[in-house]
Amino acid sequence: MKYRNLTVYALISAMAAVPLASPAANGVAPLPSRATVPTPEPSPVVPTAPTVAPGYAAPNLRPTSAPIVGVTQQPFVGITLQNAIGMALSRNQNLAIAAGNTRIAGYQIEAAKGTYDVRFSVEPSVSHSTTAPQNAFFSGPNFGPIVQNAQSLTAGVSGQLPSGTQYNVGVTQSRIDNNTTIDSFNPYYTAALNASITQPLLKNAGPGDAIRHQIELASLNRRATRAQTLASASTTIATVENVYWDLVAAWRNVAIQEDALHQAILQQQSNVRSARKGAAAPIDAVESSTQVAVYQSNVFSALQNVASLQNELKSLIVDNPGDPIWQANLVPTTSVQQTPSVPSLSVLLASAMKHRPELVQAEAMEREASANLAYAKNQLLPEVNLQATYAGNGFAGNALPPLGGPFGSATPPPYLGGTYGQAYGNIGRFPAYSAGVVVALPIGNHTAKANYAAAAEQARIAKISTENVDTRIEIDVRNALQNYQSALARLYSARQARQAAAAVFASELRKFRNGESTTFLVTQRQVELVQNEGLELQAQTDLNKAIVELQRVDGTILSSNNVNVKTLGEGALRQ
């Protein structure tokens, strides 16, 4: 690399030592020593235009006043920037909707957790049946019909645990009155305790539990929705501040144009007096009258801008078209933004990476993709479920006398005598239980494989999106800081230009009064002064907005305005 650099340096030195040849020596025509007179331009090519409204002349109308449409509250209603922001956070309909979506996301978490609720069921019943006798053993007394009355009650609880275990526990009791001659008990009582569990061991276990997965997704959705609401609040605050400073500039522009109009009127009146005395030509008075008309038009244009910005600000801070503020003539009362010390790029970036809600959104999206990937990976496993059941059957009743004869004289054991209490006490005497493992796996398992591939792709997309958010935030911070520094420079230059234009205009007026200037020059200097006043005003407004943008991009606009998601839009919701 070192020798290469030396070679390039030697080549450049050699080229510098070679004298440059003249254009003629290189076959290039030399430049002419003087410009030649061009040929006359041909007639312009223009389309044929129709005659529209021949003889048109503007009507001779004069404005009677300069009202703002819809404004009836006079004189003026002052509003501070903090009040405007507070009203927007409380009553802006878009923020009310965003805050409502955040609350809905919280309710969705509770709804998902509802699957873990214990479900209790109870079912009492009674029945009666009369059956024709079939033989001497299965008949009523004296070979009569079999009459049976039953009273039963079934109750139980069931549900699912966060581990994925499904459980079911229930009891059943009944009393049977039966006149069948062969029965040894009448009435008799039964009681049963049944319990069963199903525990996934591979598929649907751990991160593969569908309910747990839904709860996790609902939690991440609430986090993302809350971040989205904060981002909307940040944008709304920045919009309110920008419109507020635009309105400040609009009202100041009205004052500038009115002052220019008054100056033009004074100049026109002076020219009229001079023309009548013969000290000035009448055309000078006509020329100054033209400038009066121009500034009169500028005043109405500036007032129209005020009306538009007032309506824009009102639409941001109120939600009811019948609100009295629509009749108010709003005037900003907050002073110009205080210029902060120039922050460093690294400090702004660190603050942005800590406070920007967009990063929370991106993180939630990435975590959601990871959760979906873990769930899809679990669904690839075979379904292996451990199942266990237990049943305890109790019995008791009123023992009848032994039948005798060929049936013998045996009597039931004492522990079978009694009612419900004895039946429940006998549950442990007659148990039945079972345990087993159920294994199932679809051949090919195409659905699970496709879902896993899709989840993996979503995880990659989420990671790329997160990196894009980081890049976008850094670009925002860089642009905002550059815009702020440029706005400072433009304001400094605009202030210097305005001061110079004011001095030139004042000097030109003095010359005019001493007969050393003309109406045209005075008018020209006034136009230049008004233009520079407007440029300074725009530069100050741009600086105010640049400060707002700095607060937005570093995320401090939320904390500095005490934004609380729980109270956003409360005023709008109470309407």
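Each reported figure results from applying straightforward, stated rules to the coordinates on display, with no laboratory input. This is a predicted model, so every value here is computed, not measured. Cβ: placed from backbone, ideal geometry, glycine included. Neighbour counts: every protein chain shown.
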Compute the long axis of helix 2-17 from its Cα atoms, compare it with the longest principal axis of the Cα atoms of the chain, and write down the angle in degrees, 0 to 90, nearest 10.
-> 20
The longest stretch of the chain containing none of the chymotrypsin sites (Phe, Trp or Tyr not before Pro) that sit in a DSSP loop with at most 12 other Cβ atoms within 10 Å is 138-575
Mind putting a number on the dipole of region 457-575 about its Cα centre? Charges go on the C-beta only, +1 for Lys and Arg and -1 for Asp and Glu, and I need it in Debye to the nearest 20.
-> 300
Grab the beta carbon distance between Asp117 and Asn445, set R0 = 30 Å, and tell me the FRET efficiency rounded to 0.05.
-> 0.40
What ranking of Ile237, Ile182 emerges when the number of other C-beta atoms within 10 Å of each C-beta is taken as an exposure proxy, fewest first?
-> Ile182, Ile237
In nm, the gap between the two label points placed 7 Å beyond Cα toward Cβ at Ala155 and Val37 is 12.1
Report the semi-axes of the equivalent ellipsoid for region 143-209 in whole Å, largest first, where each axis is √(5λ) for an eigenvalue λ of the Cα gyration tensor.
-> 43, 10, 8
Could you give the angle, 0 to 90 degrees to the nearest 10, between helix 210-277's Cα long axis and the longest principal axis of the Cα atoms of the chain?
-> 20
Taking Lys203 as the anchor, which lysines have their alpha carbon closer than 20 Å to its alpha carbon, excluding any fewer than eight residues away along the same chain?
-> Lys377, Lys449
Can you spot the aspartates and glutamates whose alpha carbon is less than 14 Å from Lys113's alpha carbon? Ignore those fewer than 8 places along the same chain.
-> Asp209, Glu216
Give the angle, between 0 and 90 degrees and rounded to the nearest 10, that separates the Cα long axis of helix 93-113 from the longest principal axis of the Cα atoms of the chain.
-> 20
Once Lys and Arg are counted +1 and Asp and Glu -1 for all other residues with Cβ under 14 Å from that of Thr131, the total becomes -2
Per 10 Å bin, what is the whole-percent P(r) computed from every C-alpha pair distance within the chain?
-> 3, 9, 12, 11, 12, 11, 11, 8, 6, 5, 4, 3, 2, 1, 1, 0
With a ≥ b ≥ c the root eigenvalues of the C-alpha gyration tensor of region 490-557, is it rounded (a/c under 1.5), prolate (a/b larger than b/c) or oblate?
-> prolate
Based on Cβ point charges of +1 for Lys and Arg and -1 for Asp and Glu, what charge dipole magnitude is obtained for the chain about its Cα centre, in debye rounded to the nearest 20?
-> 960
Please report, in debye to the nearest 20, how large the charge dipole of region 264-338 is about its Cα centre when each Lys and Arg carries +1 at its beta carbon and each Asp and Glu carries -1 there.
-> 480
Hey, could you pull the Cα Rg and Dmax for region 71-223, both in Å?
-> 32.2, 110
